[in-house]
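Chemist: Here it is: the structure, laid out below.
The values are calculated or read from the model by the stated rules, or taken from the named source; none is laboratory data. Values in this document were obtained by computation on a predicted structure and should not be read as measured data. Here the Cβ positions follow ideal geometry from the backbone for every residue, glycine too, while neighbour counts run over all protein chains shown. The protein model used for the area step is the full one, side chains on, heavy atoms only, and it has no ligands, DNA or RNA in it. Shrake-Rupley method; radii C 1.70, N 1.55, O 1.52, S 1.80 Å.
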Amino acid sequence: MDFSLNEDHLALADAVRRFCDGEYPLQHRGNPESTDEAARRLAGMAEMGLLGLPFPAAFGGGELGPVEIMLAAREFGRCLGGGPFLSGVVMAGQLLARLGSDAQKEAWLPALAQGSLQVALAAYEDGARYDWQRVATRAVPAAGGYVLHGRKSLVLNGDAAGLLLVVARTSGEAGERRGLTVFAVDAGTPGLAVRGFDTLDGRRAAHLALDGAAVGADRVLGCAGEAADDIEAVLDAGAAALCAEVVGAVEALMEHTVEHLRTRKQFGVPLARFQVLQHRVADMAIALEMLKSMDCAAAMALAGADAATRRRMVSAAKVLASQQGRQLGMAAIQMHGAMGMTDECRVGHYAKRLMVIGQLLGDAGHHLRRFDAQRQN
Amino acid sequence: MDFSLNEDHLALADAVRRFCDGEYPLQHRGNPESTDEAARRLAGMAEMGLLGLPFPAAFGGGELGPVEIMLAAREFGRCLGGGPFLSGVVMAGQLLARLGSDAQKEAWLPALAQGSLQVALAAYEDGARYDWQRVATRAVPAAGGYVLHGRKSLVLNGDAAGLLLVVARTSGEAGERRGLTVFAVDAGTPGLAVRGFDTLDGRRAAHLALDGAAVGADRVLGCAGEAADDIEAVLDAGAAALCAEVVGAVEALMEHTVEHLRTRKQFGVPLARFQVLQHRVADMAIALEMLKSMDCAAAMALAGADAATRRRMVSAAKVLASQQGRQLGMAAIQMHGAMGMTDECRVGHYAKRLMVIGQLLGDAGHHLRRFDAQRQN
Amino acid sequence: MKLEFSAADEAFRLEVREFVRTRLPADIKRKVELGLRLEHEDYVTWFRILEERGWITPGWPVEHGGPGWNHVQRYIFDEETLLGGAPRIIASGIQMLGPVLIAFGSEEQKKKYLPDIRHSNTWWAQGFSEPGAGSDLAAVRTSAVLEPDGEHFVVNGHKVWTSYAQWCPMMFALVRTDPAAKPQEGISFLLIDMASPGVEVRPIRMLEGGADLNEVYLDNVRVPAGNLVGELDKGWSYGKYLLGHERTGIAGIGSCKQQLARARRIAAQQGLDGDALLQARLAQFEIELMALEFTALRLLSANQRSRMPAVEASMLKVRGTELRQAIYETLVDIAGPDAVPFSPEVLELAHLGEGVVPEELVALAANCLDSRKITIYGGTSEVQRNLIARAAMEA
Amino acid sequence: MKLEFSAADEAFRLEVREFVRTRLPADIKRKVELGLRLEHEDYVTWFRILEERGWITPGWPVEHGGPGWNHVQRYIFDEETLLGGAPRIIASGIQMLGPVLIAFGSEEQKKKYLPDIRHSNTWWAQGFSEPGAGSDLAAVRTSAVLEPDGEHFVVNGHKVWTSYAQWCPMMFALVRTDPAAKPQEGISFLLIDMASPGVEVRPIRMLEGGADLNEVYLDNVRVPAGNLVGELDKGWSYGKYLLGHERTGIAGIGSCKQQLARARRIAAQQGLDGDALLQARLAQFEIELMALEFTALRLLSANQRSRMPAVEASMLKVRGTELRQAIYETLVDIAGPDAVPFSPEVLELAHLGEGVVPEELVALAANCLDSRKITIYGGTSEVQRNLIARAAMEA
């Protein structure tokens, strides 16, 4: 049992922090990215190796693990940044790395690591809430491959992606674990419609409509029908990265709040002198420590071999991150008063991101049930 | 929709307050009663008409209603007193008045009103938690009456009662609404063992063991097997009276707490100057207003004809009373510091009574489910 | 004591319900129920429908066009209009300025302004808050200097959090006319034409994308001396009167009920009937809302007037706003992943058909964020609790 | 970073577990698991079993008989002993006085007192708190005046909340030796024989019926000058050292786990497995406890020593004690109506057979009430939050 970070860890965290400080100026954090900003940040992340962080060196990657992803995600949480890191690297990229053949990895991972290709994971479907096994999208065998029919929803960063990893069913019924297969579908494929939209936190996502989109047999990742374990693993990796983002965001939120309380006066007295606000800051500080421990635990569990431990730790971490993140965001707005309700003040942007994180990849209720189910097994 | 009290109400409340101030000196509230105290208080309550409050005048009663019971119960809550009022008058007495023949009422109600007889209601059974329909005690017809077999639990004031109203099953299975019958059993009846014990709040209750206790046919209250509606009604009356006790107890708790905060200093400053404690007092004041409204609503619903409304209102009131009562008791202890943990300080006694009330006649969880079930019907 | 409403009150309830059902335009109702953005037009349309029926100024005396309702009727009116999907009466002119003019204005001011307020011809902005004077109005620094000839005030300053200023040709404001006086003295109550040279309105963009609050900059704005309400330097007391006037609706019970009904409706649509935790939470809300409602009615009946002691109003506001926020958070939980898609345009009815998520869910997260303001404006929950505690400690 | 304990740590865990399983007397284990009252005899019996194994003084340096454990081993020891049903090491002599004597005591004092502390021959009372000096120890007023001949101090004063004084032949106390100095100066650390003339111990009856806390009255008590620990007037710093020494166990994580396991056990016995709300609450507790545990281990590993910064200790204490109280409240909910019967005698093992309620439930309400003290003693949660906020604001 060891929670200590080594010097390499600290150096990585420091480098990402410096990158973020440069690329995400304080007063613009949380604003939607312009095309230029997105491109420049992507190039910067590629240059730092962040876009290939966990991939094998043979495919342009850094061969680093969940702890390093956590450290980067914390920094992105701090600056409300990170672009396609979560969706492209942590989830889609790692799924490619897990399931892909050498040829497939060669085709896409280096491009992903260099920032020349964005990849997104299309796992969830409408009406299934957070149950990623409830896949109704069907892949029907056809000459030389498959034809896909169905709808995928809330594909993070889906409209910027050149390649979409679509989870479809080659056998079984919605809800079954067997029969799930991942297809690598080019964004321009006929029969695939990508509908992008804004999200509450100023980012982008997309719904996909697959109406007879044809893909070659070489676009199947791994063995047909056997992808469930790997899909679950990268969704857990994504959830853990979100927990790390919460740590960074809450840290920033606390700095903003303390700064506000120290400088702003009411009835002639600095807000920092009001004991009720002091105690809320104390509770924020306590929550931050708990969140920090749990994102570490989730990262360590991802690095381990045992799936049951991974589920338990990631779900536990996500329960707290979802609950506390949203609540602390709201509390920070309250402590900022009317100012905290404005688009200009950064706390609202943190609160929005924290609210969105709470709803992504399983909310608190979903993960509490999942956690408890693991106990009972 | 009218929550106002008339002059008769105010006069009654005032009279009970004066009685309580005299009989329950501030520094002894919550202490177990000596035999002398119990007898003197019982006589006093009889003299004031409190022991016959809701009964018909023909049987020595005051013909008053649930609102008057509420007003008296609030005062008893304030002084942690009331002796057999809840168990004997509100529950057992009203059950006698509802179900009894004129001869039965004549036999017992005047004695109850005069304080010469105590009556208690034996409704619940072990293992059934708060489901009073889960009655396994059986009444088997025998020559001239019935023989009772079974166990009844947590009979409030049961070991002081000369007459026990025992709910037993004349037909049906545990859990069924039909088949419940109330028997008036003398305390000395052979085959009835009364085991008295102390309760957390310094009062008394008893478990009953009925092993072939024989009762005459004249001891059946009402029609055999048809008592469920009336049992439920008096249990609701009891729950509503407990909600009123919570109002009085919280009122007293708040006075104690405010007094403590104003006089006690820490780090050279009166505790009342600490904003965190101020806000807890504010929350106590808010909760008290909500509790006051709900005990009124429960009392008014008891006075009305509609059973569904009564169930909804009483359960709603009891949910809040159970939750808030316990929580405010704990909060008051915290605000009193170590002093609040001692037997000498009164807040602990209030906290204990509030905790007990939370667990009597249905806890918060039970009544929340009952409330919700009424909505769905 | 009686739990039921009187037959007359029940009849009134049905009358209001029927009126809303038949007269509220369908598109306005739809916007309200889905939590979409209302335009000025929408409010004006509905307010004029109410005005025609004589129901737009419940807080005004009968002789000035009020309907003469008692507190129970006002309560029923609020509840029925909100549950029926009508917009709240949010116009500051009706809610705030009207009663002040009636009580303290000159006959000329009453004649000039009250009819246009009642007919929703003129919306008024409220110019109270300033940077550094949010919950603390005595810190008002905007200055008004009477010119030597006594004809005009010259006003300089900066107001913030001014609701709907973009729709308001006029503003009533607290201004400092005696800078040497103590903070709560030397303040006057002034009516300002927003078209005057030197007035600049800048919208404040809010975190959920709305921009109904504004900053108002006043740069050497000349205001006729006749626009002073009441006496010079007595504005603080008029401001307090104004803030104390509208306390019956402060708990927002009708809004709470509206949102709780919405939560039940959407939960059922989302197939969450079997979610025991969610159902228990909703039942708990229902109980707490009931307690709040009965408390409002009990305190109103104890006071027998629409003005309620400040402490009681504070208690209702704290409880009502915090409960409402909790319900809004539950709405987000009910939406699940569908709370994530959002851009401000989706709050326009015209864009509803393009929905990325089911239309019932489009506005939930934005509404939840927007609801954070209710524990801030009108005195923060913290300030309210300070007041409640002070009263409890002194009692 | 590694989530698993090392093989050596796991081996140590099994060693402790096996030791507790085989050596802990069954009646003591039963009392602990049912929440019954432990007698002095029970503690002494167990402590001597630990002492024999060399495990009674985990916080002492090796050269004075400590086992030389690192923080993870200490953590594992705490957890395993508590989960195995052993009593906590509550002796003030072992936990508090020992480290102070080792650091600041004279050689003579060490020789005279340490062995009897380690062998549980002498229990020590802690004489810090006074009426009016609860969380504020600098307000100590008990006076100690050195007699002109320099042989004795004469002590006068009144100590309160002294745990287990009825079992203690000795007391260590903070006393004021320089009344003219500033509050935190002029305090000395004195060892007092409780058998001295002028010492009177009065038990304080607690709300759940226990009486393990006491008042200690000191009326012209003569204390040999050799009983002064360290330097005159420097007692405040020794007191702070003492309070800062035992911070690793401050969160009470082992106790939390013990009680959560108890809650699951009793819930199953009561047939509450299907109660979705209760199960969700227990799962939430489990997650929060896990976060607390990992935080304790993370902070300990960051500090690499058993002394932890005060702010971190405060955070662990606040969270750990409030979580523990919430678990105790849930235990009362699980007991349902069986939480109602109670008299102090039922906490005696001898009376268990007479139980009015199932024996698992006998002590739940009393334990819950007793648990209210944990957010009061050792610095209230309010004082801890003040400290945490101050650190956060200054950072």
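Chemist: Based on this model, can you work out whether D:Ser188 counts as at pLDDT below 90 and of a type in the set (S, T, N, Q)?
Modeler: When the stated conditions are applied, D:Ser188 does not pass them.
Chemist: Right, next: Just to be sure I understand, how many residues within the stretch B:44-73 are under 29 Å from B:Leu253 (Cβ atoms) and surrounded by 24 or more Cβ atoms within 10 Å (Cβ to Cβ)?
Modeler: Summing the residues that are under 29 Å from B:Leu253 (Cβ atoms) and surrounded by 24 or more Cβ atoms within 10 Å (Cβ to Cβ) in the stretch B:44-73 gives 10.
Chemist: Tell me, please, whether a residue that is under 25 Å from C:Asp178 (Cα atoms), of a type in the set (Gly, Ala, Ser) and touching a strand residue (DSSP E or B) at 6+ places or on another chain (Cβ under 8 Å) can be found in the stretch C:118-125.
Modeler: Looking for residues that are under 25 Å from C:Asp178 (Cα atoms), of a type in the set (Gly, Ala, Ser) and touching a strand residue (DSSP E or B) at 6+ places or on another chain (Cβ under 8 Å), one finds at least one in the stretch C:118-125, hence yes.
Chemist: OK, next. May I ask you to say which residue of A:Arg129, A:Arg138, A:Arg134, A:Arg151 is of a type outside the set (Ser, Thr, Tyr) and free of Cβ contacts under 8 Å to residues at least 40 places away in the same chain?
Modeler: Answer to the check: A:Arg138.
Chemist: Could you say which residue among D:Pro148, D:Pro115 is without any contact (Cβ under 8 Å) to a residue 60 or more places away in the chain, surrounded by fewer than 22 Cβ atoms within 10 Å (Cβ to Cβ) and part of a loop (DSSP other than H, G, I, E, B)?
Modeler: So the residue among D:Pro148, D:Pro115 that is without any contact (Cβ under 8 Å) to a residue 60 or more places away in the chain, surrounded by fewer than 22 Cβ atoms within 10 Å (Cβ to Cβ) and part of a loop (DSSP other than H, G, I, E, B) is D:Pro148.
Chemist: Another question, if that's okay. Looking only at the stretch D:315-357, count how many residues are over 26 Å from the mean Cα position of the chain (by Cα), part of a loop (DSSP other than H, G, I, E, B) and facing chain B (nearest Cβ under 8 Å).
Modeler: Qualifying residue count, the stretch D:315-357: 2.
Chemist: Spot the failing condition for B:His256; the list is (1) open to solvent by less than 30 Å² (accessible area, probe 1.4 Å); (2) away from chain C (no Cβ under 12 Å), and only one is missed.
Modeler: The one condition B:His256 does not meet is (1).
Chemist: So which of A:Asp236, A:Asp218, A:Asp201 is charged (D, E, K, R) and over 16 Å from the mean Cα position of the chain (by Cα)?
Modeler: Only one candidate qualifies: A:Asp218.
Chemist: Continuing with the same structure: Is one or more of the residues making up the stretch A:135-144 modelled with pLDDT of 95 or more and either within 14 Å of chain C (Cβ to nearest Cβ) or within 18 Å of A:Gly362 (Cα to Cα) (or both)?
Modeler: Yes.
Chemist: Listed residues C:Thr177, C:Thr122, C:Thr162; which is polar (S, T, N, Q), more than 24 Å from the chain's Cα centre (by Cα) and open to solvent by less than 40 Å² (accessible area, probe 1.4 Å)?
Modeler: It is C:Thr177.
Chemist: What pairs come up if the first residue lies in the stretch C:120-132 and is away from every other protein chain (no Cβ under 14 Å), the second is open to solvent by less than 30 Å² (accessible area, probe 1.4 Å) and of a type in the set (Lys, Arg), and their beta carbons are under 6 Å apart, counting only those six or more places apart or on different chains?
Modeler: C:Gly127/C:Lys159
Chemist: I'm trying to understand the selection: among the residues of the stretch C:358-377, which are in a helix (DSSP H, G or I) and either within 13 Å of chain B (Cβ to nearest Cβ) or of a type outside the set (Gly, Ala, Ser) (or both)?
Modeler: C:Glu359, C:Glu360, C:Leu361, C:Leu364, C:Asn367, C:Cys368, C:Leu369, C:Asp370, C:Arg372, C:Lys373, C:Ile374, C:Thr375
Chemist: Within the stretch D:238-255, does at least one residue satisfy the condition of being of a type in the set (A, V, I, L, M), open to solvent by less than 20 Å² (accessible area, probe 1.4 Å), in contact (Cβ under 8 Å) with a residue 60 or more places away in the chain and more than 30 Å from D:Glu107 (Cβ to Cβ)?
Modeler: yes
Chemist: Additional query: Please verify whether the stretch B:10-29 includes one or more residues that are within 14 Å of chain C (Cβ to nearest Cβ), surrounded by 13 or more Cβ atoms within 10 Å (Cβ to Cβ) and touching a residue at least 12 places away in the same chain (Cβ under 8 Å).
Modeler: Among the residues of the stretch B:10-29, at least one is within 14 Å of chain C (Cβ to nearest Cβ), surrounded by 13 or more Cβ atoms within 10 Å (Cβ to Cβ) and touching a residue at least 12 places away in the same chain (Cβ under 8 Å), which makes the answer yes.
Chemist: Something else now. For A:Gly127, indicate whether it is within 23 Å of A:Arg29 (Cβ to Cβ), open to solvent by 20 Å² or more (accessible area, probe 1.4 Å) and at pLDDT below 95.
Modeler: Answer is no for this residue.
Chemist: Just a yes or no: is a residue in the stretch D:60-73 open to solvent by less than 20 Å² (accessible area, probe 1.4 Å) and out of contact with any Phe, Trp or Tyr (no Cβ under 9 Å at 6 or more places or on another chain)?
Modeler: Within the stretch D:60-73, one or more residues are open to solvent by less than 20 Å² (accessible area, probe 1.4 Å) and out of contact with any Phe, Trp or Tyr (no Cβ under 9 Å at 6 or more places or on another chain).
Chemist: Would you please name the residue that is farthest from the chain's Cα centre (by Cα), looking only at residues in the stretch D:25-66 that are of a type in the set (A, V, I, L, M, F, W, C) and under 23 Å from D:Leu361 (Cβ atoms)?
Modeler: Selected residue: D:Ala26.
For every residue, the table says whether it meets (1) open to solvent by less than 20 Å² (accessible area, probe 1.4 Å); (2) more than 23 Å from B:Gly81 (Cβ to Cβ); (3) of a type in the set (Lys, Arg).
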position: B:Trp132; (1), (2), (3): no, yes, no
position: B:Ala161; (1), (2), (3): yes, no, no
position: B:Gly188; (1), (2), (3): no, yes, no
position: B:Asp201; (1), (2), (3): yes, no, no
position: B:Leu208; (1), (2), (3): yes, yes, no
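Chemist: When you go through C:Pro115, C:Pro131 one by one, which is the residue that is in contact with a strand residue (DSSP E or B) (Cβ under 7 Å, 6 or more places away or on another chain) and of a type outside the set (D, E, K, R)?
Modeler: C:Pro131
Chemist: Follow-up. Using beta carbons and a limit of 8 Å, which pairs, at least six apart or on different chains, have the first residue in the stretch A:303-318 and modelled with pLDDT of 95 or more and the second one assigned to a loop (DSSP other than H, G, I, E, B) and surrounded by fewer than 17 Cβ atoms within 10 Å (Cβ to Cβ)?
Modeler: Here the result reads A:Ala308/A:Asn377; A:Arg310/A:Gly304, each pair linking the stretch A:303-318 to a residue that is assigned to a loop (DSSP other than H, G, I, E, B) and surrounded by fewer than 17 Cβ atoms within 10 Å (Cβ to Cβ).
Conditions tested, residue by residue: (1) open to solvent by 70 Å² or more (accessible area, probe 1.4 Å); (2) part of a loop (DSSP other than H, G, I, E, B); (3) under 22 Å from B:Glu344 (Cβ atoms).
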position: D:Lys182; (1), (2), (3): yes, yes, no
position: D:Glu185; (1), (2), (3): yes, yes, no
position: D:Leu191; (1), (2), (3): no, no, no
position: D:Val216; (1), (2), (3): no, no, yes
position: D:Val223; (1), (2), (3): no, no, no
position: D:Leu232; (1), (2), (3): yes, yes, no
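Chemist: From the set of residues in the stretch D:193-214 that are assigned to a loop (DSSP other than H, G, I, E, B) and under 11 Å from D:Gln166 (Cα atoms), which is farthest from the other protein chains (Cβ to nearest Cβ)?
Modeler: D:Met194
Chemist: So, of the residues in the stretch D:125-145 that are closer than 19 Å to D:Asp212 by Cβ and assigned to a strand (DSSP E or B), which turns out to be most open to solvent (accessible area, probe 1.4 Å)?
Modeler: Step by step, filter the stretch D:125-145, then rank; the result is D:Gln126.
Chemist: Looking at the stretch C:378-395, which of its residues are outside any helix (DSSP H, G or I) and farther than 21 Å from A:Leu277 by Cβ?
Modeler: C:Ala395
Chemist: Tell me the residue from B:Glu232, B:Glu226 that is of a type in the set (Asp, Glu) and open to solvent by 50 Å² or more (accessible area, probe 1.4 Å), please.
Modeler: None of the others qualify; the one that does is B:Glu226.
Chemist: When the residues of the stretch C:378-391 are filtered to those that are more than 7 Å from every other protein chain (Cβ to nearest Cβ) and touching a residue at least 60 places away in the same chain (Cβ under 8 Å), which remaining residue is farthest from C:Gly320 (Cα to Cα)?
Modeler: C:Ala391
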